[in-house]
Every structure is written in C-alpha cells, then in structure tokens.
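The values are calculated or read from the model by the stated rules, or taken from the named source; none is laboratory data. Here the structure is a predicted model, which means the values were calculated and not measured. For neighbour counting, all protein chains shown are included, and Cβ atoms are generated from backbone atoms with ideal geometry for every residue, glycine included. Protein only, heavy atoms only, side chains kept; ligands, DNA and RNA dropped before computing areas. Shrake-Rupley method; radii C 1.70, N 1.55, O 1.52, S 1.80 Å.
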Amino acid sequence: MLAKLKFAWRWLATAFSFFVFGVGGIIIPVIVVPILFVLPGTQLQREARGQKFIHLAFASFIKLMRFLGVLTYEIHGAKELREAKLVLANHPTLLDVVFLIALIPNANCVVKGALLRNPFMRGAIRAAGYTINNGAANDVLIDAKDVFNKQQIMIVFPEGTRSIPGKSHQLKRGAANIAIRTNVDITPVIISCEPISLTKQDKWYHIPSSPMHFNISANPIIKVSDFQLSNSTKNARLLTDYLTKYFNAEVGVNDSVAN
C-alpha cells in the first residue's frame with residue numbers, strides 16, 4: 001500500500017513539475033523576454049542576461065523536482081563544465097539539456113529550428129540567443145565561431161536526438177566539424193539515469209517504479225589538436241569515429257548490444 005501511495009505521489013509531482021515548466025514557457029516570452037530587451041545594454045549583454053535567467057530557471061526547476069521526490073542527482077566536474085568551451089554529451093532523457101543549462105550560466109545550445117514552433121520553448125531560445133540548426137552546416141559553424149568569440153559555452157548533443165536505451169550511439173559529423181574547424185577542445189559529458197525514463201519512447205507520465213537518479217560527469221578534455229592531421233573533412237571524420245567509440249564505451253553499449 002505504501003509503495004502505491006509513493007508511486008501516486010511521484011506521478012502527481014511529475015505532473016505538477018511539467019505543469020510548472022509549461023507555465024514558465026508561457027511567462028518567459030510574454031513577460032521576461034520583453035523586460036530583457038527593454039533593459040539598457042548591447043545585444044551581447046541581452047543574450048548574457050537571457051542565458052543567466054534560463055540557467056537560474058532551469059536550476060530552480062531541477063531543485064523543485066528533487067524537492068518533490070521526482071528525482072535525485074549527483075554532479076561530477078561542475079567546475080570543469082563552467083570552464084569548458086565545447087560540451088558534447090550523450091542524450092538519454094528529456095531532462096539532459098535542462099541539467100546542463102542549470103549547471104552552465106553562459107550556455108549556448110544548438111537547437112533544432114523546429115523548436116521555434118514550440119510555444120513553450122521559443123521564448124527561452126530567443127531570450128538566450130541559442131544557435132538554431134536549420135540543417136545548414138556552414139551556418140552552424142559560423143554561429144559556433146561567434147559563440148566562442150563571445151566567451152559562451154556551446155552545448156551539443158552529437159547524436160542529434162535522444163538515444164534509444166541499449167542501442168549503440170550513432171554520432172553525426174556536425175559536432176566534430178565544429179571542434180575541428182574552430183580548433184576548440186571538447187569537454188565530453190556522460191549522462192546516466194537509473195531507472196531510465198523520459199526517453200524518446202516515453203511519455204512524461206510513464207514514470208518508473210522509483211525516483212530517477214541522474215549521474216552527470218564531465219570527463220577529461222579531448223584535445224582537438226590530436227585530430228588535426230590532414231584536411232578538415234578527413235579530420236572531422238576521424239574525430240567522429242573516435243567520439244562514437246568513446247561515447248559507446250563510456251555509456252556501456254556497443255554494436256553487439258545494438259544488434
């Protein structure tokens with residue numbers, strides 16, 4: 001009976017948490033974004049204010065979920081994350097980007113252009129000046145150089161979408177292209193969630209039998225100079241192959257598991 005009551009509480013707490021997130025998605029474009037834009041300052045200062053606001057909002061959201069008993073978490077390498085330039089992370093759950101932005105005050109994420117059509121996300125995206133990926137690789141590279149020049153930290157999920165539990169990770173070449181062509185070192189981040197939930201196949205109400213526990217670890221830097229061996233196209237391919245093997249090894253999946 002007690003187990004059923006705990007499960008019911010976490011279901012209600014999860015529903016309340018996502019309700020709060022949705023309300024925030026409405027308030028930000030209606031109230032927060034106009035305030036940020038009317039305050040004096042340059043475009044860069046507006047972006048910085050937007051990124052700091054989203055950082056604080058996401059950090060508060062994570063703490064709310066922990067307070068309500070929806071999840072717990074442990075962070076390894078928070079200092080390294082704040083000092084990173086290019087953060088590449090695996091992407092098992094819906095909350096991965098929320099955690100990373102909650103940990104990085106000056107984060108600039110590469111987001112799909114389709115998210116601008118999401119009424120709960122477009123306000124945050126515009127307020128923080130996040131990088132929009134509409135499929136044009138050169139545009140993202142130009143934006144990445146601008147992000148690094150502005151001393152912002154770029155977050156990229158090199159798979160491009162949430163991974164499937166137990167399946168090997170298939171990385172796209174875009175993240176490696178950014179690192180190679182901007183000559184920026186990579187801070188790899190490994191995210192795990194146990195029991196796994198909020199995957200690509202899960203709805204928000206498919207909650208697990210116990211609270212989710214997130215483990216987020218910033219691993220040692222991968223030096224991009226080790227892959228600057230030939231022309232940029234070949235270098236990006238070599239780095240992509242390396243990152244694919246790296247993330248699969250760190251997450252603990254391989255081709256035999258996928259098959």
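Where residues in segment 143-162 are assigned to a helix (DSSP H, G or I) and in contact with a helix residue (DSSP H, G or I) (Cβ under 8 Å, 6 or more places away or on another chain), which of them is modelled with the highest pLDDT?
By that ranking, first place goes to Phe148.
When the residues of segment 228-259 are filtered to those that are in a loop (DSSP other than H, G, I, E, B) and over 22 Å from the mean Cα position of the chain (by Cα), which remaining residue is modelled with the highest pLDDT?
To start, the set of residues in segment 228-259 that are in a loop (DSSP other than H, G, I, E, B) comprises 228-231, 252-254, 259.
The next check asks that each one be over 22 Å from the mean Cα position of the chain (by Cα); those that pass are 228-231, 254, 259.
Details: Gln228: 92, Leu229: 86, Ser230: 83, Asn231: 89, Asn254: 45, Asn259: 31.
Per the criteria, the residue is Gln228.
Those residues that are assigned to a helix (DSSP H, G or I) and exposed (fewer than 12 other Cβ atoms within 10 Å of the Cβ), I need them from segment 1-11; list them, please.
Scanning segment 1-11 gives Leu2, Ala3, Lys4, Leu5, Ala8.
In segment 179-202, how many residues are more than 23 Å from Ala78 (Cβ to Cβ), touching a helix residue (DSSP H, G or I) at 6+ places or on another chain (Cβ under 6 Å) and among the β-branched types (Val, Ile, Thr)?
2
How many residues, within segment 93-117, are open to solvent by 10 Å² or more (accessible area, probe 1.4 Å), in contact (Cβ under 8 Å) with a residue 60 or more places away in the chain and out of contact with any helix residue (DSSP H, G or I) (no Cβ under 8 Å at 6 or more places or on another chain)?
So the answer is 2.
Looking at (1) farther than 26 Å from Val251 by Cα; (2) open to solvent by 30 Å² or more (accessible area, probe 1.4 Å); (3) modelled with pLDDT of 95 or more, can you tell me which one Arg49 breaks?
Answer for Arg49: the failing condition is (3).
Please enumerate the residues belonging to segment 56-66 that are touching a helix residue (DSSP H, G or I) at 6+ places or on another chain (Cβ under 6 Å) and farther than 15 Å from Gly22 by Cβ.
Correct list: Ala59, Ile62.
Quickly run through segment 130-142 and pick out the residues that are open to solvent by 60 Å² or more (accessible area, probe 1.4 Å) and at pLDDT 75 or above.
Within segment 130-142, the subset open to solvent by 60 Å² or more (accessible area, probe 1.4 Å) is 133-135, 137-139, 142.
Scanning segment 130-142 gives Asn133, Asn134, Asp139, Ile142.
For segment 207-227, name all the residues that are in a loop (DSSP other than H, G, I, E, B) and open to solvent by less than 60 Å² (accessible area, probe 1.4 Å). Steps first, please.
The first filter runs over segment 207-227 and keeps only residues in a loop (DSSP other than H, G, I, E, B), leaving 207-211, 219-221, 223.
Scanning segment 207-227 gives Ile207, Pro208, Ser210, Pro211, Asn219.
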